[in-house]
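What follows is a set of notes on a single structure, which appears directly below.
The values are calculated or read from the model by the stated rules, or taken from the named source; none is laboratory data. Nothing here was measured: the structure is a model prediction, and the numbers come from that model. With ideal geometry, Cβ positions are generated from the backbone for all residues, glycine too; neighbour counts draw on all protein chains shown.
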Amino acid sequence: MELKENERIDNLEYKNLKIIQNKEGFCFGIDSVLISDFAKEVKDNSVGADLGTGTGIIGILLSAKAKIKKIYGIEVQKDVADMARRSVELNGLENKFEVLNINIKNIGEKIERESLDFVVTNPPYKKLDTGKVNENECKYISRHECSANLEDFISTSKYLLKDKGTLYMIHRPERLADLIELMRKYKMEPKKIRFVYSMVNKDASLVLIKAVKNARQFLKIEKPLIIYDENGEYTDEIYKIYNKERKS
């Protein structure tokens, strides 16, 4: 496959999957890997969407981790959506993963209301007026709520999901109050939360949250997910998520 300027193919080291990334743009991090693993419990033959799919990393991994029927990757940036499509082709997932170049706020033009079983998303973490402003445009859109904000991601999830459909999201702990407030506003009841820590003695750096549309109130806080052990090595659980074995 022919690559464009500044592009490279990275091996995901999981079931021979690969992904195309632009080294000048926004490259995926461990948060995308964690949310794809968090959402792998989706039912067999379910249909869902990845809002803000970026390079397509979540949909590609989820296609291998779960027996989904189809996932739509929604990406507002034209060049990034094109890169995701080529990664889908690179992995032979055309019959399972469709990338749509559209703003999530216009999703009704492409996907029918209340037609999906699940939504997964790793949305921009930063509010529009925060963070560095000297980033390139691709990185800025990926990190900041400039094309859609947190409320847009949650309201769009409600629009897309069937009754009792499931939303899986990863975000920053400092936005947790906003997350819960907005989810309840749109009848997306938080059901499961798991905090992610870089090391056991550090503050939480990420939060994984599962919400179910029109569900009853009952929230479970799962045990912490620790990324690194005291030696700076991945913990056993992270090795398992990456489908690797710890080196002896």
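Here are the criteria: (1) of a type in the set (Val, Ile, Thr); (2) out of contact with any strand residue (DSSP E or B) (no Cβ under 6 Å at 6 or more places or on another chain); (3) at pLDDT 95 or above. Tell me which single one VAL119 does not satisfy.
So VAL119 meets the others, but not (2).
I'm told ALA49 meets every condition in (1) at pLDDT below 95; (2) on the phi < 0 side of the Ramachandran plot; (3) crowded, with 16+ Cβ neighbours inside 10 Å except one. Can you identify the failing condition by its number?
Failed condition: (1).
Which condition from (1) surrounded by fewer than 17 Cβ atoms within 10 Å (Cβ to Cβ); (2) aromatic (Phe, Trp, Tyr); (3) out of contact with any Asp or Glu (no Cβ under 7 Å at 6 or more places or on another chain); (4) not in a loop (DSSP other than H, G, I, E, B) is the one that TYR239 breaks?
Among (1) surrounded by fewer than 17 Cβ atoms within 10 Å (Cβ to Cβ); (2) aromatic (Phe, Trp, Tyr); (3) out of contact with any Asp or Glu (no Cβ under 7 Å at 6 or more places or on another chain); (4) not in a loop (DSSP other than H, G, I, E, B), TYR239 violates only (3).
Does LYS192 count as at pLDDT 95 or above, of a type in the set (Lys, Arg) and crowded, with 16+ Cβ neighbours inside 10 Å?
yes
Select from segment 204-236 the residues that are on the phi < 0 side of the Ramachandran plot, surrounded by 12 or more Cβ atoms within 10 Å (Cβ to Cβ) and part of a loop (DSSP other than H, G, I, E, B) and list them in ascending order.
Selection gives ALA215, LEU219, GLU222, ILE227, ASP229, GLU233, THR235.
Could you list, in sequence order, the residues of segment 177-203 that are in a strand (DSSP E or B), of a type in the set (D, E, K, R) and more than 19 Å from GLY29 (Cα to Cα)?
Residues satisfying the conditions are GLU189, LYS191, LYS192.
Yes or no: GLU174 exposed (fewer than 14 other Cβ atoms within 10 Å of the Cβ), assigned to a helix (DSSP H, G or I) and in contact with a strand residue (DSSP E or B) (Cβ under 7 Å, 6 or more places away or on another chain)?
Here the answer is no, as GLU174 does not meet what is asked.
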